[in-house]
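First comes the structure, then the notes that go with it.
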Amino acid sequence: MVHASVAAGVRLFDTADVYGTGQSERVLGRALAQLPAGVRDEVVVATKFANLFDETTRTAGGQDVSPAGIRRACENSLKRLGVDSIDLYQLHGGAATAAEAEPVVEALEQLVSDGLIRAFGTSVDAPEVISVFAASPNAHTVQTQANVFGHNDAVLDVARRNELAVLVRSPLAMGLLTGKYDLTNRPPADDVRRDTPWWTYFDDDAMETWLQRLDSVREILTLDGRTLAQGCLSYLWALDPAIIPLPGARTVSQAEENAGALTFGPLPDTAVKEILTLLADSPERH
């Protein structure tokens, strides 16, 4: 999947140390190491820190944003990824206010100075946290959730003011926006998407309404031959040129479909306006 993504033009991969309790970084590191050197040098690797976990027991819990904890997490990620420096290092959690974010930025600045990371950003998208990060010339990104169902205007506004790139998680609503799922075909009962406080896309009492919202914009999203997933990525590019969607993929075909959206580019502005109107009732619109 990683190799297919690169072959199709993808040059940024986003992961986190806690994903798979270290396994995601290891797999990504091995896959990228197999690429020709010239191609590998073009790839940007973004990972995250602060959530604690145990690779041996494959359990997670707690957070650590102390300077020592940040450095330790960084050094461990470097080993798993098999690199000397991380391109983009992102705060995953543990600092929800400006006061809590300030020492985190100081620690990250030291990692840049030491050559362990090249740039950093925040996946905590509280505007006051973003503003603290943005004060540093080494902060390049903010990560936030956005898709056709909604986005946070305050986050996009502060990113624009500070000229930050916006990495968008859940651009396909955890798979619901691919068209793969319906009321008779949901993720397995033990899938994290079925029981999480962060999304309701597959909840028993909410999925039908989400599917109805999707049906109302399906024709717009598939303009000019786009697949549904490609239309959702094209929507985000049209919403804000600073947005870089982070669609998930497990297979070669998924990777190729995601990258295929690049051949279409952004949706027309008129299509975006129509989607915003049709989905104005979405609870994810801020």
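The values are calculated or read from the model by the stated rules, or taken from the named source; none is laboratory data. Since this is a predicted model, take the numbers as computed values, not measurements. So basically every Cβ, Gly included, is an ideal-geometry build from the backbone, and we count neighbours across all protein chains shown.
Give all pairs with beta carbons closer than 8 Å in which a residue from region 32-60 that is within 15 Å of Asp84 (Cβ to Cβ) meets a residue that is of a type in the set (A, V, I, L, M, F, W, C) and in a loop (DSSP other than H, G, I, E, B); count only pairs at least 6 apart in sequence or on separate chains.
Hits for this filter: Leu32/Val43; Val43/Leu35; Val45/Val83; Thr47/Ala16.
Would you pick out the residues in region 24-81 that are of a type in the set (A, V, I, L, M) and in a helix (DSSP H, G or I)?
Val27, Leu28, Ala31, Leu32, Ala33, Ala37, Val39, Ala68, Ile70, Ala73, Leu78, Leu81
The rows are residues; the columns are (1) over 21 Å from Pro245 (Cα atoms); (2) crowded, with 18+ Cβ neighbours inside 10 Å.
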residue: Met1; (1), (2): no, no
residue: Ala7; (1), (2): no, no
residue: Asp14; (1), (2): no, yes
residue: Tyr19; (1), (2): no, yes
residue: Glu25; (1), (2): no, yes
residue: Leu28; (1), (2): no, yes
residue: Gln34; (1), (2): yes, no
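Give Val142, Val155 a once-over and let me know the one that is part of a helix (DSSP H, G or I), of a type in the set (Val, Ile, Thr) and at pLDDT 95 or above.
Exactly one residue qualifies, and that residue is Val155.
State which residue is farthest from the chain's Cα centre (by Cα) when the search covers only region 94-122 and only residues that are in a loop (DSSP other than H, G, I, E, B) and surrounded by fewer than 22 Cβ atoms within 10 Å (Cβ to Cβ).
Once the filter is applied, the top-ranked residue is Asp114.
Quickly run through region 203-240 and pick out the residues that are modelled with pLDDT under 95 and closer than 26 Å to Val124 by Cβ.
Hits for region 203-240 are Asp203, Ala206.
Working only within region 269-278, note down all residues that are closer than 21 Å to Pro241 by Cα and either surrounded by 14 or more Cβ atoms within 10 Å (Cβ to Cβ) or of a type in the set (A, V, I, L, M, F, W, C) (or both).
Ala271, Val272, Glu274, Ile275, Leu276
If only one of Ala159, Ala206, Ala154 is in contact with a strand residue (DSSP E or B) (Cβ under 7 Å, 6 or more places away or on another chain) and surrounded by 13 or more Cβ atoms within 10 Å (Cβ to Cβ), which one is it?
Checking each option against the conditions leaves just Ala159.
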